[in-house]
Amino acid sequence: MSRAMRSVLRLLAAFVVFGALASVAAHAALPIQHWTTSNGARVYFVRADTIPMLDVSPDFDAGSRFDPGGREGLASLVNSMLARGAAGLAESAISEGFARVGAQRGSGAGDDRASVTLRTLASEPEHDEAIGLLARVVSRPDFPAAVLAREKERTIQAIREAQTKPETIAQRTLDGAMYGSHPYGAHPVPESVAAIGRDDLVAFYRGYYDARSAVVSMIGAISRERAQAIAEQLTRDLPAGGASRAIAPVVPPASAIERRIEHPASQSHILIGQPALVRGDPDFFPLLVGNYVLGGGGFVSRLYDEVREKRGLAYSVYSYFSPMLQQGPFTIGLQTQRGQTAVALGVVRETLARFLRDGPTEAELKAAKSNLVGGFALRIDSNRKILDNLATIGYYRLPLDYLDRWTARVEAVTLEQVRAAFARHVHADALATVVVGNGDAAGGPVAPPAPAAPSAPPAPATTGGSVVR
């Protein structure tokens, strides 16, 4: 049996063992160990000996908010190109190297940060080879010109395809309406991606992929000493950095904004939102609990009851807060038949206004807290989910006991805190509304799709829905 086959079989066996142990591990406190490497990278480590696996994620303060004007899409291209050639190895050799030891690599860049992930067996020599290869990828990318040309063309074609999708048009138009000229509202277009050259990638990488902005998260069946050595190996050859990270503050709209875009889709896509929440804000838990009642609780939310159950206006309707380094958005979304657009939008606005005025009832608050606390284990029931949460804790500098105290902080939320938090963060008279579909049914002028609305397709998720919001 080949070595590669043995690695794959051991990886599969580890997954089977993990399935039996995950539910037990999810209820245990997470003893997060934290230290700083010799060159300033912050490390967050959880030792987990139940399965012979190691999950690693170096995160960098290198998100798309640093894309230069006219070069939107640069941060995403840099991140995706790291493994397309590094330290003289072609992308095929890199891919085969990870596959040979049964390792899985991923990457992605969001508005705030960029990440690289690795899942490998914790045994030698597999994890030694995988970590060594990952270190070459993050520390010595080559950005080969021929591969860059191919990736640019692939990205441009994907953007053009996205320009036809109502859900993408709606989301990107909402971002622009909420954030204006702030980087959170910008998205790549074919012209901006076409303008990116190899020198742009090299400069961005050297400026933002530095050790002092790096956060290395790890969970697995290794010792603290081995984790320290891995963190040093992954960060010791990173560039010096030094690029400016000064970004203008978010300026939320002072009044309501509406964008209605005609589209031949059979349904109207409706999004409503505004900048609302910074990661680490003390109002986070009251907003989390309150939003569960409003639209985050699925079948038991106010919006679901009013829009679907009572009136049958939509298959689903939801709301959420997405905290970020600067004010991340509060969003309400739904799809409805074109002829029902105005009615559905009116019901959503009335439901939100009533919630902002009165808040949840005692019964709704109790049920929301019970459901959130009861579902907490599912948010950390795998090493990958724990890794995602470690990366979030590290990058946003949340307390080390954040996960241990999460349920207690949910349970402590009061009605008064929910009402006050929503009053501070959600303002009905300054919401941005986007309707893509039947613009006429909502009233007002119909605008053509803005050219900057669509974005490149998302890179493989680095946090997904597993992060404890």
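Listed values, structure above:
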quantity	calculated
DSSP beta bridges in the chain [antiparallel fraction, %, rounded to 5]	75
P(r), alpha carbons of the chain - 10 Å bins starting at zero, rounded %	4, 19, 27, 26, 18, 6, 0
HN-Hα J in Hz across the range 257-273 - Karplus 6.51, -1.76, 1.60, θ = phi - 60°, x for Gly and Pro	10, 10, 10, 10, 10, 5, 7, x, 4, 5, 10, 8, 9, 10, 10, 10, x
FRET efficiency for residue 343 and residue 212, using Cβ-Cβ distance with R0 set to 60 Å, rounded to 0.05	0.65
Added length on full extension, which subtracts the Cα-Cα distance from 0.36 nm per residue, residue 229 to residue 87	49.1 nm
Assigned charges on the beta-carbon of Lys, Arg, Asp, Glu; the chain dipole about Cα centre (debye)	300
q = 0.15, 0.29 Å⁻¹: log10 I(q)/I(0) that the Debye formula gives for the range 141-181, counting C-alpha atoms only	-0.55, -0.89
Net lengthening on full extension, residue 420/residue 354 (0.36 nm per residue, minus Cα-Cα)	22.3 nm
Of the DSSP H helices in the chain, those whose Cα atoms cover at least 30 Å axially and whose Kyte score averages 0.5 or more	3-25
FRET efficiency, 1/(1 + (r/R0)^6) with R0 25 Å, evaluated for residue 165 and residue 430 via beta carbons	0.35
Three-way shape call for the range 3-235 based on the alpha-carbon gyration tensor, with the a/c threshold at 1.5	prolate
For the range 213-315, size of Cβ-based charge dipole, Lys and Arg +1, Asp and Glu -1, in debye	80
Tail weight of P(r) past 24 Å, computed on alpha-carbon pairs of the range 257-442, percent	42
The range 293-338 versus the range 71-91: alpha-carbon centroid distance in Å	37
Cα-only radius of gyration and Dmax that characterise the range 157-275, units Å	20.6, 59
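Read the figures in this text as sums done on the coordinates, not as results from a lab. Keep in mind that what you see is a predicted model, and the values were worked out from it rather than measured. All Cβ positions, glycine included, derive from the backbone under ideal geometry; neighbour counts span all protein chains shown.
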